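Have a look at the structure below, then the notes.
The values are calculated or read from the model by the stated rules, or taken from the named source; none is laboratory data. Please read all numbers here as calculations on a predicted model, not as lab measurements. Because the Cβ atoms are built from the backbone with ideal geometry, glycine has one as well, and the counts that use them run over all protein chains shown. Side chains are part of the model used for accessible areas, which takes the heavy atoms of the whole protein and leaves out ligands, DNA and RNA. Shrake-Rupley method; radii C 1.70, N 1.55, O 1.52, S 1.80 Å.
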Amino acid sequence: MMSQGHNKMGEFALIRWIQQQAKKGDHLTQGIGDDCSVQPQQDGQELLTSTDLLIEDVHFKRAWSSMHDLGRKAAAVNISDIAAMGGIPQSLFLSLGRPDQIPDAEIQEFVSGFIAEAEFYGAVLAGGDSCRSTGPLVIAVTVQGTIAAGEAVYRHGASYGDAVYVSGCLGDSALALQALLRGEQPDPYLAGRFHTPSPRVDLGVNLARSGWATAMLDISDGLIADLGHILEASGVGAEIELARLPLSGPFSQALLQDTELIELALAGGEDYELVFTSPLNDLDTRPGFSPFVTRIGVIRQEPGLSLRAVDGSFYECRRKGYDHFG
Ligand code: ADP
Ligand code: MG
């Protein structure tokens, strides 16, 4: 999850450095570098594991949502990384660093929300750790899931000519965050998209089982940054048509007032939708995918990401990735 100060090595540079230090691990199909690590099991399955850290006032503000919703979100954003590989979530581990001033009842509400969300997706809370924090509320979550061996969809499989798709709508969560940062109450639909995102587990599983997705990840840092990971890992480029970006009613309404808001759909972050590539260019019309999946562009050979505006000109997005409250 992105969050960086200005005088430090960027998050991506640091991860790259860490990746170079760590051994690859003969027991792993995939180590550092994708949404989950992937470890073959005895029974023809592979174990998927991912972990995410949420820190008060960096990733969330307690005043903005109920502790129940915060618990749901902490589970959901982790489950989203399992969805991004096409897997089925099974176990979640929850570690809490708790400041003394948070009452028991609020922590219980948080944990109830976390468990409810995990169970909604067929997973369970299977462990964790609890301690005091002398600073902010710290929430560290690890999730495990499974997938049939060989079915996991990685970031590196996109190839020339593939179509680029996204699920759901983009920008809603970032638009809600913008309102919250201004001290306003977002539209209820937008608020829901920010506080309680829905990991796209069924879609991920469908795409992995059918073999139709060549590369996939979940959008946590914004479409440009996250599609950028697919392009880099696959050694290709892409062209995206702005007119094709899937936008909700409330988002489109806001866009009528301020056309620059399109940058929130491109680089706002925390969408928790899936972005994936496929050699099929009519997936968005097939049962089970239509109308929930939208074709937004195409993979090309030349590296880099081009954004094509409605009038055919190239669009330069000024907003780069998601920097939380920075
Ligand atoms: P995501 O947005 O899907 O959670 P990230 O961008 O946070 O993914 O991380 C990219 C990759 O780098 C993942 O494989 C993740 O496990 C790995 N990674 C991130 N931070 C660290 C770290 N401190 N040590 C080891 N691996 C890390
Ligand atoms: Mg991810």
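When GLY25, GLY33 are checked against the criterion of being near ligand 1 (Cβ under 10 Å from one of its atoms), out of contact with any strand residue (DSSP E or B) (no Cβ under 6 Å at 6 or more places or on another chain), on the phi > 0 side of the Ramachandran plot and open to solvent by 10 Å² or more (accessible area, probe 1.4 Å), GLY33 stands alone in meeting it.
In the stretch 173-221, which residue that is in contact with a helix residue (DSSP H, G or I) (Cβ under 7 Å, 6 or more places away or on another chain), more than 15 Å from ligand 2 (Cβ to nearest atom) and of a type in the set (D, E, K, R) is least open to solvent (accessible area, probe 1.4 Å)? Filtering the stretch 173-221 for residues that are in contact with a helix residue (DSSP H, G or I) (Cβ under 7 Å, 6 or more places away or on another chain), more than 15 Å from ligand 2 (Cβ to nearest atom) and of a type in the set (D, E, K, R), the one least open to solvent (accessible area, probe 1.4 Å) comes out as ARG193. Among the residues of the stretch 63-94 satisfying the criterion of being more than 15 Å from ligand 1 (Cβ to nearest atom) and of a type in the set (Gly, Ala, Ser), which is least open to solvent (accessible area, probe 1.4 Å)? Here the answer is GLY71.
Please tell me if GLU46 is more than 30 Å from ALA179 (Cα to Cα) and either away from ligand 1 (no atom under 16 Å from the Cβ) or not in a helix (DSSP H, G or I) (or both).
The answer is yes for GLU46.
Of all residues assigned to the stretch 241-260, none qualifies as being in contact with a strand residue (DSSP E or B) (Cβ under 9 Å, 6 or more places away or on another chain), surrounded by fewer than 20 Cβ atoms within 10 Å (Cβ to Cβ) and under 30 Å from GLN19 (Cβ atoms).
Does GLN20 fit the bill of being exposed (fewer than 13 other Cβ atoms within 10 Å of the Cβ), within 16 Å of ligand 1 (Cβ to nearest atom), in the same structural domain as GLN108 (by TED's automatic domain parsing) and not in a strand (DSSP E or B)? Yes; evaluated as a whole, the condition is true for this residue. Restricting the stretch 281-312 to residues that are of a type in the set (S, T, N, Q) and open to solvent by 50 Å² or more (accessible area, probe 1.4 Å), the residue that is nearest to THR214 (Cα to Cα) is ASN281. Taking the conditions exactly as written (under 25 Å from ILE102 (Cα atoms) and under 18 Å from the mean Cα position of the chain (by Cα)), does VAL124 satisfy them or not? When the stated conditions are applied, VAL124 does not pass them.
Of all residues in the stretch 144-172 being β-branched (Val, Ile, Thr) and not in a loop (DSSP other than H, G, I, E, B), which is most open to solvent (accessible area, probe 1.4 Å)? In this case the residue turns out to be THR146. Please verify whether LEU48 is surrounded by 21 or more Cβ atoms within 10 Å (Cβ to Cβ) and either more than 13 Å from ligand 2 (Cβ to nearest atom) or over 14 Å from the mean Cα position of the chain (by Cα) (or both), treating the condition exactly as stated. Considered against the rule, which asks whether it is surrounded by 21 or more Cβ atoms within 10 Å (Cβ to Cβ) and either more than 13 Å from ligand 2 (Cβ to nearest atom) or over 14 Å from the mean Cα position of the chain (by Cα) (or both), LEU48 comes out as yes.
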